1. Tell me the Kirkwood hydrodynamic radius of the chain in angstroms, computed as one over the mean inverse distance between distinct C-alpha pairs.
2. Could you tell me how many degrees, from 0 to 90 and to the nearest 10, lie between the Cα long axis of helix 30-43 and the main elongation axis, the longest principal axis, of the Cα atoms of the chain?
3. If the only charges are +1 at each Lys and Arg Cβ and -1 at each Asp and Glu Cβ, what is the size of the charge dipole of region 1-99 around the Cα centre, to the nearest 20 debye?
4. Give me the lysines in straight-line cross-link reach of Lys98: C-alpha distance below 17 Å, same-chain residues under 8 apart excluded.
5. On a 0 to 90° scale, report how tilted helix 91-101 is relative to the longest principal axis of the chain, with both axes built from alpha carbons and the result rounded to the nearest 10.
6. Using Cα pairs under 8 angstrom and six or more residues apart, how large is the relative contact order of the chain, in percent?
7. With every protein chain kept in place and ligands, DNA and RNA left out, what is the accessible area per residue of region 12-102? Probe 1.4 Å, answer in Å².
8. Using only protein heavy atoms and a 1.4 Å probe, report how much of Leu74 is accessible, in Å² to the nearest 10.
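The values are calculated or read from the model by the stated rules, or taken from the named source; none is laboratory data. If you're wondering where the values come from, they're calculated on a predicted model, not measured in any experiment. As a convention, Cβ positions derive from the backbone with ideal geometry for all residues, glycine included, and neighbour counts pool all protein chains shown. Side chains are part of the model used for accessible areas, which takes the heavy atoms of the whole protein and leaves out ligands, DNA and RNA. Shrake-Rupley method; radii C 1.70, N 1.55, O 1.52, S 1.80 Å.
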Amino acid sequence: MEREKARAQAAWGASPAGSAYALEFEPGTKEFFEKSYALRKEKEMGFLDELIPFRLFRGKQVLEIGCGVGYDALDFCKNGADYIGIDLTPENPERCRKHLSF
């Protein structure tokens, strides 16, 4: 189990979700997040706003397990949720914090 956990951490740490849309930018940078967020919304996650009505989380506490680089975190926070995210990959919570600070 520990070997699989380490492999998952290495994979998602080196290539976080959305990386294919922003190969020219370093994960964790504003440019990476803005480009990958926009393209993921357009190409992959257009249904998400219907599935998760982010606006209904205003003032509610949200714990996201697997926060990644912060795509959903941004939508929760933009809509007034009290957000906490955790992730298996050590790099991603820091990336998520950076992205939310832009």
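1. 14.0 Å
2. 70 degrees
3. 160 debye
4. Straight-distance partners of Lys98: Lys30, Lys35, Lys78.
5. 40 degrees
6. Rounded, it is 29 percent for the chain.
7. 60 Å²
8. 40 Å²
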